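Q: The structure is given below, and queries will be raised subsequently.
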Amino acid sequence: MDKVLCSECMQLTDYELMPKRETFEIRGEQVTVDTQVAICRACGEEIGIAEVDDVTFSAAYNVYRARHNLLQPEQIRAIRSKYGLGQKAFARLLGWGEVTLARYESGSLQSLSHDQSLRLAEDPSHVRQLLARNAHRLTSRQLEDLDAHLNQLSPEHEDLLVREGAARYGARPGVAKLREMAVFFAGHRDTWRTKLNKLLFYADFLHFNRHGVAISGARYVNMQFGPVPADFYTLQASLVDDTSLDERPSTAGDCSGTVFVANRPFDRSLFSADELQTLDDVARAFDGWSASQISEYSHSEPAWSETGDRDTIDYSFAQRLQLS
């Protein structure tokens with residue numbers, strides 16, 4: 001623990017955290033929370049520490065939000081995540097200033113009007129209306145990603161991931177396995193969204209190549225940047241929503257996008273020894289690869305080059321996989 005300067009005794013000292021019940025006035029209302037305060041070990045007085053105070057105010061705001069049925073920060077993040085946009089891009093889509101959404105996701109208290117706007121944005125049909133008004137505020141790449149999300153969220157789109165084809169591939173429907181595969185790969189460095197999708201594809205198809213059965217049995221489709229799990233946006237959003245993964249906006253050179261980081265250990269118990277070996281082999285094969293490198297590599301796969309845009313990729317292509 002770093003020493004801090006106590007404003008009471010003016011000593012550079014250690015401190016300890018002590019429980020305390022505090023009451024704050026938030027928008028004219030009294031909100032009481034059980035929290036912690038920093039106590040100077042030298043004089044016994046409270047010390048103001050930004051990190052501790054932030055936690056306290058966040059707890060008070062959460063109580064206020066719950067009292068008035070306002071969205072909590074994690075719910076706001078989940079709404080944005082299902083559309084595949086970063087904080088700045090989603091704020092632009094909503095017609096807000098670029099830092100507004102970041103403040104709300106970090107714990108600042110949103111206005112009632114902004115809360116209503118966010119609740120409306122839970123409905124993809126409303127987001128299409130926003131897109132018609134604010135498309136000029138997004139880049140072409142952001143528009144393309146958003147359109148893909150909206151198509152996958154439409155009522156006409158197939159349900160998540162595994163369907164009747166799974167039995168033909170010799171795998172039981174394995175959404176739980178696919179989720180854990182995502183957690184496994186997100187536990188490695190530089191797991192960009194594009195890279196994560198390719199790693200899942202290679203794991204399932206390499207295992208089918210070796211053993212005649214896929215690990216998850218997920219349905220994969222042809223998209224612009226290579227093979228991806230069908231409705232992967234919903235999959236990733238659900239993992240962020242339940243805190244299995246953390247999504248972080250990142251920039252590498254001229255590219256920017258989303259990097260996923262695992263928040264919990266990978267559950268090995270769902271997988272056989274052969275499946276674990278395949279996952280390890282795929283992780284090692286692409287260790288250190290950038291998203292653009294693995295995307296370009298996947299474009300050389302017959303599974304991608306011999307199928308059309310948004311077509312389902314049959315597991316028979318596993319026999320011609322470059323990775324072995």
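Q: Looking at region 239-247, is at least one residue crowded, with 17+ Cβ neighbours inside 10 Å and modelled with pLDDT of 90 or more?
A: yes
Q: Further question on the same structure: Taking region 103-130 on its own, how many of its residues are open to solvent by less than 30 Å² (accessible area, probe 1.4 Å) and either in a helix (DSSP H, G or I) or acidic (D, E) (or both)?
A: At the first step, the residues of region 103-130 found to be open to solvent by less than 30 Å² (accessible area, probe 1.4 Å) are 104-105, 107, 109-110, 115, 118, 121, 127, 130.
Going one step further and asking which of them are either in a helix (DSSP H, G or I) or acidic (D, E) (or both), we end up with 104-105, 115, 118, 127, 130.
Residues flagged as open to solvent by less than 30 Å² (accessible area, probe 1.4 Å) and either in a helix (DSSP H, G or I) or acidic (D, E) (or both) within region 103-130 amount to 6.
Q: All but one of (1) closer than 16 Å to V183 by Cβ; (2) assigned to a helix (DSSP H, G or I); (3) aromatic (F, W, Y) hold for F260, so report the exception by its number.
A: Only one criterion is unmet by F260, namely (2).
Q: Then there is this: Which residue is nearest to F57 (Cα to Cα), if the candidates are limited to region 78-102 and must be open to solvent by 10 Å² or more (accessible area, probe 1.4 Å) and of a type in the set (G, A, S)?
A: It comes out as A102.
Q: Can you go through A60, A38, A42 and tell me which one is surrounded by 18 or more Cβ atoms within 10 Å (Cβ to Cβ), of a type in the set (G, A, S) and either without any contact (Cβ under 8 Å) to a residue 24 or more places away in the chain or touching a Ser or Thr at 6+ places or on another chain (Cβ under 9 Å) (or both)?
A: One residue alone meets the criteria, A60.
Q: Any idea which residue in region 204-215 is most open to solvent (accessible area, probe 1.4 Å), counting only those that are part of a helix (DSSP H, G or I) and farther than 13 Å from S272 by Cβ?
A: Of everything passing the filter in region 204-215, N209 is most open to solvent (accessible area, probe 1.4 Å).
Q: What about A303, is it in contact (Cβ under 8 Å) with a residue 24 or more places away in the chain, in contact with a Cys (Cβ under 9 Å, 6 or more places away or on another chain) and of a type in the set (A, V, I, L, M)?
A: Considered against the rule, which asks whether it is in contact (Cβ under 8 Å) with a residue 24 or more places away in the chain, in contact with a Cys (Cβ under 9 Å, 6 or more places away or on another chain) and of a type in the set (A, V, I, L, M), A303 comes out as no.
Q: Mind listing just one residue for me: the one in region 142-188 that is of a type in the set (G, A, S), touching a Pro at 6+ places or on another chain (Cβ under 9 Å) and farther than 25 Å from D309 by Cβ and, of those, modelled with the highest pLDDT?
A: G187
Q: Give just the number: which of (1) farther than 19 Å from Q322 by Cα; (2) in a strand (DSSP E or B); (3) out of contact with any helix residue (DSSP H, G or I) (no Cβ under 6 Å at 6 or more places or on another chain) does V221 not satisfy?
A: Answer for V221: the failing condition is (1).
Q: Scan region 286-324 for residues that are open to solvent by 40 Å² or more (accessible area, probe 1.4 Å), under 14 Å from L199 (Cβ atoms) and not in a loop (DSSP other than H, G, I, E, B) and jot them down.
A: Answer for region 286-324, where residues must be open to solvent by 40 Å² or more (accessible area, probe 1.4 Å), under 14 Å from L199 (Cβ atoms) and not in a loop (DSSP other than H, G, I, E, B): Q293, Y297.
Q: Within region 6-34, which residues are of a type in the set (D, E), assigned to a strand (DSSP E or B) and more than 30 Å from L70 (Cα to Cα)?
A: E16
The values are calculated or read from the model by the stated rules, or taken from the named source; none is laboratory data. Fair warning: this is a prediction, and the values are worked out from it, not measured in the lab. Note: ideal-geometry Cβ built from the backbone for every residue, glycine included; neighbour counts use all protein chains shown. Please note that ligands, DNA and RNA were not included when accessible areas were found on the heavy atoms of the full protein model with its side chains. Shrake-Rupley method; radii C 1.70, N 1.55, O 1.52, S 1.80 Å.
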